[in-house]
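Chemist: Take a look at the following structure, please.
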Amino acid sequence: MDRDKAVGALAQRQHGLVTRAQARECGFSNDAVDWRMRSGLWQPAQRGVVRLPGAPVTLHQKILAPCLAIPGSTASYRAAAALWEIPDVLGRPEITVLKFYRVRLEDVEVHRAERMDRRDRVWRSGIPVTSLPRTVIDLAGVLTRERTRAIVTHLLARRRLSLQLLSSRMEDLGTQGRRGAGDLAELLVELKGRKRHVDSGAQRRLERLLLEAAKQGRLPTPYFEYPVQLSNGEWRYPDAGYPDHLTGVELLSYEHHASLPAFAHDLDRNLEFLEEEWFLIPITDLHVRNEPDRLVDLIAKVLSRREVRNVHRTQSG
């Protein structure tokens, strides 16, 4: 592949953008890049980032450009709200960098953070972006209390975010020095009094069983409908998730899976998780109702083994 085709293929995956460093990797010298910039063939998009001819200027492009300009940066706040399609928030280029970066970019608001945990940084539309829980927590610092409440209730009502997961991330990140965190914490406490809406009695029984097991110390605290992003950008939501162990629990219903195509679909779902190094434990409502202790013990054993594997993987890396 010649250099023009190589850089064009890369730009197609990056909303029409490439960095100067990427152009050099495709075979362009600095002089060749400068000539294309002077001649107008390539347009400046951000410091060290260019837009190739024919690529329309879009909000996604404007959001990605600063992320490419600052390696390791993450689209956040109102930029993340646009990528997550949170209603009534005007999207604009905003990124978060670690606090030791001292950088200014044209027409970009830069936020600095003490840390950006792995679970808080995901990919959406080919752009590194703060996770949905982290995005909500950040937005609470720049939006009014009423607007934050509207966003939280909207996401909960449409089952795009669980109250438990949002509360957990809020607790982990802490409220000290975080604007709007106090108001958001109060809202989450208020909402905890409401029952979580689930699809079926089987899901409610599973929830009660796993929460009781967590109270007894037999299992870690589960995350219900935990979001797992696949490599292709799609999302899956196992009924219960244990992200520290990369393990999920999924209820299977005979009523909805009694055909060969449905059975094959379940197998495909399990394979999707395995490709992401997640392990999905398939169970039925009969296990929950008739063998709850055995089920809890089985989940505990799986989590124990998965925890060891994760430790080994981290050490070997």
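Bear in mind that the values in this text are calculations on the coordinates, not laboratory data. Nothing here was measured: the structure is a model prediction, and the numbers come from that model. Cβ: placed from backbone, ideal geometry, glycine included. Neighbour counts: every protein chain shown.
Chemist: Return the ratio Rg/(2.2 N^0.38 Å) for region 93-179, where Rg is computed over Cα atoms only.
Modeler: Dividing the Cα Rg of region 93-179 by 2.2 N^0.38 Å gives 1.13.
Chemist: Here's another thing I want to ask about it. Compare the Cα positions of Q164, A213, A113 along the charge dipole of region 75-218 (+1 at Cβ of Lys, Arg; -1 at Cβ of Asp, Glu; about the Cα centre) and return the one farthest towards the positive end.
Modeler: Most positive-ward Cα: A213.
Chemist: As I understand it, the value is the acute angle between the Cα axis of helix 59-69 and the longest principal axis of the Cα atoms of the chain; what does it come to in degrees, rounded to 10?
Modeler: For helix 59-69, the angle is close to 80 degrees.
Chemist: Turning to a different aspect of this structure: Roughly what % of DSSP beta bridges within the chain run antiparallel, to the nearest 5?
Modeler: Of those bridges, close to 65 percent are antiparallel.
Chemist: Hey, another quick one. Sequence-distant or interchain residues sharing an amide H contact under 5 Å with R51, placed H: which?
Modeler: Amide H to amide H, under 5 Å and 5 or more residues apart or across chains, R51 pairs with Q43, A45.
Chemist: Among 236-242, 3-9, what's the highest-first ranking by average C-beta atoms within 10 angstrom per residue?
Modeler: 236-242, 3-9
Chemist: Compare the Cα positions of P282, S304, N270 along the charge dipole of the chain (+1 at Cβ of Lys, Arg; -1 at Cβ of Asp, Glu; about the Cα centre) and return the one farthest towards the positive end.
Modeler: S304
Chemist: Between S39 and E109, what length comes free when the chain is fully extended (0.36 nm per residue of separation minus the Cα-Cα distance, one decimal in nm)?
Modeler: 22.2 nm
Chemist: Right, here's the next one. To the nearest 20 debye, what charge dipole does the chain have about its Cα centre, counting +1 at the Cβ of each Lys and Arg and -1 at the Cβ of each Asp and Glu?
Modeler: It comes to approximately 840 debye.
Chemist: Moving on to the next point. Helix 163-173 against the longest principal axis of the chain: what's the angle in degrees, Cα atoms only, rounded to the nearest 10?
Modeler: 60
Chemist: Quick one: helix 260-275 against the long Cα principal axis of the chain, what's the angle to the nearest 10°, folded into 0 to 90?
Modeler: Tilt relative to the chain: about 60 degrees.
Chemist: Simple spin-label model, 7 Å along Cα-to-Cβ: V57 to L211 in nm?
Modeler: 5.1
Chemist: Where the eigenvalues come from the Cα gyration tensor of region 3-56, what are the semi-axes √(5λ) of the equivalent ellipsoid, largest first, in whole Å?
Modeler: Semi-axes (√(5λ), whole Å): 14, 13, 10.
Chemist: Right, here's the next one. Order 75-85, 113-123 from most to least packed using the mean count of other Cβ atoms within 10 Å.
Modeler: For the peptides 75-85, 113-123, the packing ranking is 75-85, 113-123.
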